[in-house]
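Please treat every number below as a calculation from the coordinates, not as lab data. Worth saying up front: this structure is predicted, and the values here are computed from it rather than measured. Note: ideal-geometry Cβ built from the backbone for every residue, glycine included; neighbour counts use all protein chains shown.
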Amino acid sequence: MQGVKQKALELLTGGKADRVLGWRRGETFYDPTPGVFASAEEVERDFVFDAFCGANLSKYLIALDRAEGVTAVFLKPCDSYSLVQLIKEHRIHREKVYIVGVACEGMCGYDALMKAGIEGVLSFEEEGDALKVHTLYGDTVIARKDALLSKCEHCKSKRIVTYDELLGEQGDEVADSGRFDEVARLEKMTPEDRFAFWQNELSRCIRCNACRNVCPACSCEKCVFDNPDSGIRNKAAADSFEENMFHIIRAFHVASRCTDCGECTRVCPQRIPLHLLNRKFIKDINELYGEYQAGADFDTRPALLNFQTGDCEPSIVHVRGGERA
Amino acid sequence: MSVKTDWKPTIVAFCCNWCSYAGADLSGTNRLQYPANVKIIRIPCSCRLNPMFVLRAFQRGADGVILCGCHPGDCHYTTGNYYARRRMTLLFSMLDYLGIERDRTRVEWVSAAEGAKFAATMNEFVATVTALGENRRLEDLRCKA
Amino acid sequence: MKQIALNRLDELFAAISARQTLLIPQQLENGDAEFRPWSAEAKLYTGLKTSRSAKDAFFPQVENLVGFKVSEQGIELMDTRDEVQPFTLFGVRGCDARSFDILDRVFLAEPVDTFYADRRAAATVVTLACNRPETTCFCQSFGIDPSRPAGDVTCWMDAENLYWQPNTDKGRALTEALSLLEEGEEARAKRVEEDIQAVLKRLPLKDLSLDHVGAGKTKALFDRPEWAELSEACLGCGACTFVCPTCQCYDIEEFKSGGSVRRFRCWDSCMYSDFTLMSAGQPRPTQTERFRQRFMHKLVYYPDNQDGLFSCVGCGRCLVKCPIHMNIVKVINALKEGTA
């Protein structure tokens with residue numbers, strides 16, 4: 001996407017924003033870090049935006065909300081859902097953010113290059129739908145769709161929910177994203193197989209808390225899992241029970257507020273498909289309480305902060321399809 | 001699932017203060033029988049039940065967890081049980097998704113006048129969980145040592 | 001020097017495994033690799049690094065220390081220590097091999113950590129030269145030679161053979177027990193070494209300069225303004241510390257289950273808000289201070305205490321695993337820019 005850096009300069013010099021939240025160039029191409037830029041010189045020197053700027057910047061705005069003045073931010077469609085959800089929860093004041101929506105065709109990640117077996121990456125060039133990658137061991141070409149971040153594989157929407165300004169074209173929700181296919185596949189398995197599947201995944205957890213800390217919906221000042229007075233603080237899963245507990249509670253606490261931005265899975269150093277827990281809640285909510293997309297608007301109530309007198313009973317879990325344990 | 005003949009499950013029953021706890025009381029004063037391995041924990045409203053309580057009950061040795069509250073529409077706080085209903089639906093569904101036996105969890109609405117329903121529900125739930133056997137998938141081995 | 005054809009690797013592993021437990025890097029379904037006990041179906045992972053470091057073999061994330069049973073008669077102590085059996089750790093890379101030295105200086109210094117010491121004594125470490133170093137590798141900067149890694153036994157691999165060079169008594173004992181090893185061709189191992197050396201010269205991080213960090217630099221670096229900008233995006237997660245081969249901090253916690261108490265230790269991370277929490281409060285109240293602690297420890301405090309040895313081995317795991325791509329290379333370079 002061209003013009004992002006130019007826009008950052010413009011916003012700072014034109015006085016529309018006191019600071020800009022964007023990406024700082026890394027040592028190489030796949031490692032930009034989110035950063036706050038206060039001056040045009042800084043932007044000139046360090047600002048970068050390219051196919052590897054996949055991080056969701058919304059959560060940083062909670063802290064920046066306390067700073068004087070307006071923060072300009074660049075949001076991809078999925079990031080805009082997170083921001084709207086945070087505004088809805090009164091964690092961020094809308095008027096303190098100047099939102100530049102950036103159209104997105106899916107972001108790429110180092111992990112995907114590794115998975116594709118590309119070793120020794122040095123630099124890349126975007127060539128239409130492909131990435132030309134220079135490596136220590138020769139040049140290679142990879143289709144952009146094969147280099148996507150895990151969270152971009154089943155993009156749910158190209159629509160930027162709210163913005164002050166738009167770079168590129170506004171998009172639509174993706175009707176056939178297929179994002180629940182994997183959840184449905186798991187639901188069809190026997191409870192024994194599901195249990196084995198999740199034990200295999202969750203037992204790799206090292207409790208680094210990256211999934212929790214990156215999550216825009218996880219915005220408690222002090223998490224129960226860090227609080228020595230909560231009685232359930234644990235720094236490491238000393239028993240398999242604790243692996244289950246952490247991940248159930250983490251996903252439950254954001255249920256109906258989770259926008260499915262997929263950051264949890266992107267950051268997991270152990271590559272646990274954590275989004276499959278969140279998507280299970282979203283799928284259940286859609287099926288039991290009507291379609292609901294967190295962060296898609298400013299006024300609807302999240303499903304768990306709402307009810308209907310005619311809601312189904314919890315026993316629906318017992319009567320819905322699938323084998324019994 | 002090996003079930004020893006003399007094995008009795010531990011059941012934790014979270015009961016709301018206004019309806020179900022009174023219902024349990026009534027079943028007692030009416031001399032209705034339900035197994036002694038049902039441990040009642042009184043909570044102010046069914047919606048006080050944090051999902052963590054359910055997990056912690058399993059961790060500390062429960063083989064089944066049941067939530068009892070006022071019938072929908074009769075909540076002492078007007079709407080608490082409606083929220084509880086959605087939460088438990090999603091939590092139970094998640095436990096099922098993780099491969100934990102879905103018959104270990106249950107929600108039942110029991111009013112203060114339904115002593116007989118309370119006893120019957122507990123008898124039935126204990127029988128169900130007894131048939132399932134010990135909770136192995138959501139246990140904490142350190143609590144069993 | 002010994003050698004064995006690659007198509008006989010399984011025989012070699014079976015022979016080692018018959019003698020004692022053998023851990024080798026194995027690929028998981030998701031593409032990552034981990035050290036796992038060898039079995040007849042196991043395949044040696046041919047990629048560069050395991051996702052977690054090899055330190056887990058000596059310093060596991062969670063470990064029981066002692067238990068107590070509380071009764072009316074009083075408190076009874078329970079020995080919960082796992083029995084340690086001799087084992088062989090095969091396929092360790094040069095960076096991870098150096099990390100054992102770094103951990104040794106902490107855990108084997110007085111008072112000796114007997115849990116760690118038992119495992120170290122029980123292990124025979126077989127290292128493997130890195131045929132295809134990654135662009136995230138910078139072990140050279142710390143004086144590590146990935147073409148000739150240290151260890152009880154050093155191995156090289158080319159398209160046909162595994163070359164086997166015992167270095168220590170433990171390594172020689174293992175070698176003697178493996179009669180299937182043939183006489184090795186030193187020249188061919190040497191060729192592998194030279195090929196690796198050629199790649200090392202082309203690595204993008206090969207010129208990482210460490211002159212401005214190290215022992216005695218506390219005053220020069222502690223109050224540097226760069227810490228604020230470097231740490232501004234840090235999420236405060238522990239991914240970097242938990243994949244790091246040299247991070248050694250742990251916390252001791254107790255789990256109470258009615259009648260008994262389990263005292264265990266588990267890894268802790270200086271990135272966490274409750275790291276070294278005391279009754280007086282948290283000595284590092286903001287993420288900037290916690291972030292600084294991590295890098296000052298690796299680049300200044302540890303060298304201060306250990307004859308200038310850095311507590312980083314350049315394995316590059318944090319470069320890949322950090323959710324926001326902040327890492328020790330960026331820190332070292334940023335601190336350099338500011339030095340006149």
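Does segment A:179-325 come out rounded, prolate or oblate by the C-alpha gyration tensor, with a ≥ b ≥ c the root eigenvalues, rounded set by a/c under 1.5 and, if not, prolate when a/b is larger than b/c and oblate if not?
Working: a/c = 1.61, a/b = 1.17, b/c = 1.38.
It is oblate, given that a/c is not under 1.5 and a/b is not larger than b/c.
How many partner chain Cβ atoms sit within 10 Å of a residue's Cβ in peptide A:184-195, on average, as a whole number?
Partner-chain Cβ atoms within 10 Å, mean over residues of A:184-195: 3.
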Requested in this report: Give me the lysines in straight-line cross-link reach of A:K156: C-alpha distance below 19 Å, same-chain residues under 8 apart excluded.
Outcome: A:K76, A:K145, A:K280, A:K283
Query - 0 to 90° range, to nearest 10: angle between helix B:80-97 axis and chain B longest Cα axis - result: 20 degrees
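Run through the DSSP bridge list for the protein assembly as shown and note the antiparallel percent, rounded to the nearest 5.
Details: 58 of 96 bridges.
Close to 60 percent.
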Report task. Positive end of the charge dipole of chain A (Lys, Arg +1 and Asp, Glu -1 on Cβ, about the Cα centre): tell me which of A:S82, A:F195, A:A184 has its Cα farthest that way. Result -> A:F195
Query raised in the report: Cα extents of segment C:218-338 along the three principal axes, largest first, in whole Å?
Result: 58, 32, 31
Report summary line: The aspartates and glutamates whose Cα lies under 15 Å from the Cα of C:K69, excluding any fewer than 8 residues away in the same chain, are C:D79, C:E254
Report task. Consider just the alpha-carbon atoms of the protein assembly as shown and return their Rg together with their Dmax, both in angstrom. Result -> 28.6, 92
Requested in this report: Give a residue-ordered list of calculated ³J(HN,Hα) values for segment C:83-96 (Karplus: 6.51 cos²θ - 1.76 cosθ + 1.60, θ = phi - 60°; whole Hz; x for Gly, Pro).
Outcome: 6, 9, 9, x, 8, 10, 10, 9, x, 6, 7, x, 5, 5
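For chain C, what is the relative contact order in percent, using Cα pairs closer than 8 Å and at least 6 residues apart in sequence? If you can, show how the numbers build up before the last one.
Working: 595 pairs, mean separation 70.4, N = 340.
Value for chain C: 21 percent.
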Requested in this report: Determine, for B:D96, A:D146, C:D79, the number of other Cβ atoms within 10 Å of each Cβ, and report the residues in order from fewest to most.
Outcome: C:D79, A:D146, B:D96
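Two decimals, Cα atoms only, Kirkwood Rh: what is Rg/Rh over segment A:48-202? Show your work: numbers first, answer last.
On the way: Rg = 18.8 Å, Rh = 18.0 Å.
Using Cα coordinates only, the ratio equals 1.04.
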Query raised in the report: Shielding of A:301-308 by partners, i.e. mean partner chain Cβ atoms within 10 Å per residue?
Result: 3
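Do me a favour and compute the ellipsoid semi-axes for segment B:11-137 from its Cα gyration tensor, root of five times each eigenvalue, largest one first, whole Å. Intermediate values should be presented prior to the final figure.
Details: eigenvalues 95, 69, 24 Å².
Over the Cα atoms of segment B:11-137, the semi-axes work out to 22, 19, 11 Å.
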Report summary line: When the charge dipole of the protein assembly as shown is computed with +1 on Lys and Arg Cβ and -1 on Asp and Glu Cβ about the Cα centre, the Cα farthest towards its positive end, among A:L276, B:F14, A:A296, belongs to B:F14
Query raised in the report: When ranked by the protection proxy of mean other Cβ atoms within 10 Å per residue, highest first, what sequence do the peptides C:54-65, B:10-21 form?
Result: B:10-21, C:54-65
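For chain A, what is one quarter of the convex hull surface built on the Cα atoms, given in nm²? Could the numbers behind the result be given before it?
On the way: hull surface 75.4 nm².
Its Cα hull, projected and averaged over all orientations, spans 18.8 nm².
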Report summary line: Going residue by residue through segment A:26-35, the Karplus relation 6.51 cos²θ - 1.76 cosθ + 1.60 with θ = phi - 60° gives ³J(HN,Hα) values, rounded to whole Hz and with x marking Gly or Pro, of x, 6, 9, 8, 9, 10, x, 10, x, x
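At a Förster radius of 25 Å, what calculated FRET efficiency corresponds to the Cβ-Cβ distance of A:D181 and A:E291, to the nearest 0.05?
Plugging the Cβ-Cβ distance into 1/(1 + (r/R0)^6) gives 0.90.
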Query raised in the report: Listing C:K49, A:K88, C:K336 from the residue with the fewest other Cβ atoms within 10 Å to the one with the most, what is the order?
Result: C:K336, A:K88, C:K49
Query - Candidate lysines - alpha carbon under 25 Å from C:K206, same-chain residues fewer than 8 apart omitted - result: A:K115, A:K132, C:K49, C:K55, C:K190, C:K217, C:K298, C:K321, C:K330, C:K336
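Convex hull volume of the Cα atoms in segment C:2-200, per residue, in Å³? List each step's numbers first, then the result.
On the way: hull volume 30.8 nm³, N = 199.
Residue-normalised Cα hull volume stands at 155 Å³.
Can you work out the FRET efficiency for the pair C:M78 and A:K16, with r the C-beta to C-beta distance and R0 = 60 Å, to the nearest 0.05?
On the way: r = 66 Å, r/R0 = 1.10.
Plugging the Cβ-Cβ distance into 1/(1 + (r/R0)^6) gives 0.35.
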Query raised in the report: What are the residues whose amide H is under 5 Å from the amide H of A:A130, where those residues sit 5 or more places off or on another chain and H is modelled from the backbone?
Result: A:R144
**Report entry** Paramagnetic label zone (point 7 Å from Cα along Cα-to-C-beta, C:K256; backbone N under 16 Å) in segment A:221-237
**Finding:** A:228-234
Query - HN-Hα J in Hz across segment B:31-47 - Karplus 6.51, -1.76, 1.60, θ = phi - 60°, x for Gly and Pro - result: 6, 7, 8, 9, x, 6, 7, 8, 9, 8, 10, 7, 10, x, 7, 4, 7
Query raised in the report: Using modelled amide H (1.01 Å from N, peptide plane; none on Pro or chain starts), what sits under 5 Å from the amide H of A:T135, excluding residues fewer than 5 places away?
Result: A:L122, A:T140
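So what is the orientation-averaged projected area of chain C, using the convex hull of its C-alpha atoms, in nm²?
20.5 nm²
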Query raised in the report: Ranked highest first by the average count of other Cβ atoms within 10 Å around their residues, in what order do C:246-255, A:190-199, C:126-135 fall?
Result: C:126-135, C:246-255, A:190-199
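Where Lys and Arg each count +1 and Asp and Glu each count -1, what net charge lies around B:H71 among other residues with Cβ under 13 Å from its Cβ?
Working: positive: B:R85, B:K117; negative: A:E313, B:D74, B:E108, B:E114.
Every neighbour counted, the sum reads -2.
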Requested in this report: At 0.36 nm per residue, minus the direct Cα-Cα distance, what do A:E165 and A:Q2 gain on full extension? Give it in nm, one decimal, please.
Outcome: 57.2 nm
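To the nearest 20 debye, what is the magnitude of the charge dipole of the protein assembly as shown about its Cα centre, counting +1 on the Cβ of each Lys and Arg and -1 on the Cβ of each Asp and Glu? Working shown, then result.
On the way: 102 positive and 113 negative charges, 307 e Å.
With only Lys, Arg, Asp and Glu charged at Cβ, the dipole is about 1480 debye.
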Requested in this report: List the relative contact order of segment A:18-157 as a percent without decimals, with contacts defined as Cα pairs under 8 Å and 6+ residues apart.
Outcome: 20 percent
**Report entry** For residues of C:230-241, the mean tally of beta carbons on other chains within 10 Å
**Finding:** 6
Query raised in the report: Going by how many other beta carbons lie within 10 Å of each one, how would you line up A:E201, C:E41, A:E263, fewest first?
Result: C:E41, A:E201, A:E263
Requested in this report: For segment A:32-139, would you read off the P(r) tail past 21 Å as a percentage of all alpha carbon pairs?
Outcome: 47 percent
